[in-house]
Amino acid sequence: MTESNEDRTRSRRLVQLEAHWIEWLTGAVSGLLVIALIGWIAWYAPGEQEGIPALNVELGEIAAMDGGHRVSFTVVNSGRRTAAAVPVTARLMNGADIVEEREVTFDYVPALSSATGALLFSNDPAGHRLDIRASGYEDP
């Protein structure tokens, strides 16, 4: 008994309609990732509007260089909002007197992140008290 053309066509259609297990697994994993991303955005986005930047400056290496000294530092934003136009001011103090003052401005410091930089002084910071801080920011 031979299979007719109609039977062969019908069996091909049935085979084409059945999905391979890899397709089901790929679809399920992709769907879970989309749901997880939507949930994360829904949870994180409202807090972004309410938070404020929390800026701290952590002193890094102080190194001598030709004609001066380099003071490296890290600005850490532990807040849940990005800060823009962040000026970092550093002063070399001798008692109450300001010996030398430098400032650098960061375009932005992202929320829950950090940025690094350096200031260049002609006087040796080791012989003076170094006062370094973020002195302001703008809301982006």
Could you count how many residues in the stretch 84-97 are within 10 Å of L130 (Cα to Cα), touching a Lys or Arg at 6+ places or on another chain (Cβ under 7 Å) and surrounded by fewer than 18 Cβ atoms within 10 Å (Cβ to Cβ)? 1
Residue by residue through the stretch 77-105, note down the ones that are of a type in the set (D, E, K, R) and more than 17 Å from the chain's Cα centre (by Cα). R91, D97, E100, E101, R102, E103
Where residues in the stretch 115-140 are of a type in the set (D, E, K, R) and over 18 Å from L55 (Cβ atoms), which of them is nearest to the chain's Cα centre (by Cα)? R129
Can you work out which of the residues in the stretch 27-76 that are of a type in the set (V, I, T) and part of a helix (DSSP H, G or I) is nearest to the chain's Cα centre (by Cα)? I41
Give the number of residues within the stretch 95-111 that are modelled with pLDDT under 90 and either under 14 Å from V71 (Cβ atoms) or not small (G, A, S) (or both). 0
Has the stretch 115-123 got at least one residue that is surrounded by 13 or more Cβ atoms within 10 Å (Cβ to Cβ), assigned to a loop (DSSP other than H, G, I, E, B), touching a strand residue (DSSP E or B) at 6+ places or on another chain (Cβ under 9 Å) and among the small types (G, A, S)? no
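The values are calculated or read from the model by the stated rules, or taken from the named source; none is laboratory data. Only a predicted model underlies this, so the values are computations on that prediction, with no experimental measurement involved. A quick note on method: Cβ atoms are made from the backbone with ideal geometry, for glycine too, and the neighbour counts reach across all protein chains shown.
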